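Nothing in this text is a laboratory measurement; each read-out follows from the coordinates by a stated rule. Because the structure is a prediction, the values reported are computed rather than measured. All Cβ positions, glycine included, derive from the backbone under ideal geometry; neighbour counts span all protein chains shown.
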DNA sequence: CGCGGTATTGATGTAATTCAATCTCAGTGG
DNA sequence: CCACTGAGATTGAATTACATCAATACCGCG
C-alpha cells in the first residue's frame, strides 16, 4: 500500500513537528485516527501516559465480563470483537484495524470481548487520561463520534451479509473486506495480495458459519479462479472486481 | 401524504407561560431523548422550525439512494431501517422506537432506507436547524453520540442473533425485543401484551428468514405455550422469563 | 357476501451442518 | 536434515434446518 503523503511535510512543519513525541510521529493514529484531533502540546501530554504494548495472536485483550481498564489505539494487526452466548456459541461482531480506536466512552452493560486476531500492537491509554482530554477537547469527542458512526455503518453492512447472503457470498464478502481494509502487501489495478489475519475458526465465527463451510467455499472460489491460496493463509486476488461480483 | 401541523400556533403562544412549548411538554424526546439536552429557550427556538408529521404503515420515509432532507424524532410508532442488495434481497438492519432519533450527522455514502413499520408520528427537524444547534450545544452532540453508541450495541447484539441463532431463537429474540422496547400495553410481573408493529414479511426481513419460517416458529412458540396469538398481530407473553429462555 | 392481501400449513428440495476421516504445515527434537 | 507431532485445514458422506413451491385459511373491508 502506498500512502500518498501530499503536503504532509508542510503540515508537520506547520505544527512544529519537533514537539511531537517520537513515537507519535509516524503513528497512523495521528494522521488518520484519533490523535489527529490533538495539537502537539496535548499529544505530548497524552504520550506521557500511553504505553505501546504488543500481543500475540489469540491473546485475550478484554474479557467479555469485565470493564476494560483502558482504551487503546490499534497501531498494527487486527483485533476481533466477540460476543458469546451462554451455551458457548461464539460470534465475532467486528474487526478493528489500525488506526481504529478500541474501547468505548460511557461504559455500558454491553459486554464485548476483544481478542488479538493476529499479532497486534496497541497504544494503550489509561481511562482517566483519555476522559480528561475528551472533556477538554470537543474535537476529540467529535472524532470518537465519527468513529462510532463508522462502526455503526459497518455493523449494519454486516447485518445484511449475515442475514441475506449465501455462504459463498459471505466468504467472498469477508475476503473483500480484508483485501480493502487490512494493509495489503499490494492492492493496485484491481489486484490484491494479503495474508489472512484470521484462522478459519475465526472467519467462521465472523460469518456465522462452520469451519468446514468456510473451507469449502474458499476452495470453490479458488476453483473458480477468483482467488489463489498459498500455504493456507496467503491470498491473491487477481481481480478485485471479480471478487466483488461474488459478494452478492 | 400531508404533513399534519398540529398545534404550531399554540406552541408559540405558550412559550411565554411555561417556557416549554406545549408540544414538547409531553414529548418523550424531551424526557428520555434528544431534546433533554436543551434548555427551555433552545427548545423554543428549535420548536419554531419543527413539524409533527404522521405517516401510515408502509410509507417510505427515506429512500435508500437519496440524502435525507431532515432529521426527526420518533414520537410514536416504529420505523424500520432497511438495506437492499442489487438483486432485491432485503434486510431490515434496525428498528427505531420512540423517542429515538432518526438520521445521522456527518452524512456518509452509506445509504439506509427508512420506512414506517407501523403508523408513525415524527417530529421533523430541518438539517440546518439541528446542525446549528449541535454546533452551539456540546451537550446535544453528546446525546447524539450516546444514541449512536446505543445503536451500535444493538446492532452488534443483532449480529449475534443473525449469525448464531436458530430460526426459533431468532423469532423469540424478536418477540422479546418488541415486548421490551415497543410501548407494551402492559408489561408487569413478567407478563406482556402488545400488538406486533411489523408484518410477517418485515419480521422475516429483520431476522434473515422467510415468511413461512417465521410463521412456523410463531406457531411452534404458541404450541409450546410461550406466547398466545390473537388475530395475527396481537401477542400475549404470559411470562417473559420463559420467552427469554427461548432466545438462546 | 365475496374479494384481496396476508398468513398458515403441507410436501418437497437444498444449502449448510454435523460427524468423521485424511491432509498440511510449522515446530521440535533426535 | 529428516522424521515425528499436533493443531489447523480440507475433504467426504450423512443429516437437518430452513427454503421453496403450492395449496388453503384467515381477516379486514367494500
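Structural remarks
- Residue by residue along A:82-94, Cβ atoms of other protein chains within 10 Å of the local Cβ number 4 on average.
- Take the Cβ atoms of residue B:76 and residue A:22, set R0 to 41 Å, and the FRET efficiency comes out at 0.15.
- Label-point spacing for residue B:238 across the identical copies (point 7 Å from Cα in the Cβ direction), in nm and ascending order: 6.3.
- Gaussian network model of chain B, springs between alpha carbon atoms under 10 Å - residue of B:221, B:207, B:198 with greatest fluctuation: B:221
- Counting 0.36 nm for each residue step from residue A:108 to residue A:54 and taking away their Cα separation leaves a gain of 16.8 nm.
- Residue B:127 label point (Cα plus 7 Å toward Cβ) to equivalent points in the other copies: 4.0 nm, shortest first.
- For the segment A:140-152, counting C-beta atoms of other chains within 10 Å of every residue's C-beta and taking the mean gives 5.
- Förster radius 45 Å - calculated FRET efficiency between residue B:245 and residue A:119, Cβ distance, rounded to 0.05: 0.65
- Gap separating the Cα centres of the stretch A:169-248 and the stretch A:90-131, nearest whole Å: 24
- Shown for residue B:67: label points 7 Å from Cα along the beta-carbon vector, and their distances to the equivalent points in the other copies, 4.2 nm in ascending order.
- Remark: the Cα gyration tensor places the stretch A:8-161 in the prolate category, a/c being 1.5 or greater and a/b exceeding b/c.
- Using the Cβ-Cβ distance between residue A:219 and residue A:139 with R0 set to 56 Å, the FRET efficiency works out to roughly 0.70.
- Helical mean residue ellipticity (222 nm; -39500 (n - 2.57) per DSSP H run of 4+; nearest 500) of chain B: -13000 deg cm²/dmol
- Mean separation of Cα contacts under 8 Å (6+ apart) over length of chain A, as relative contact order %: 18
- Prolate/oblate/rounded label for the protein assembly as shown (Cα gyration tensor, a/c 1.5): oblate
- Distance between the 7 Å Cα→Cβ label points at residue A:186 and residue B:64: 3.6 nm.
- Three-way shape call for the stretch A:165-245 based on the alpha-carbon gyration tensor, with the a/c threshold at 1.5: prolate
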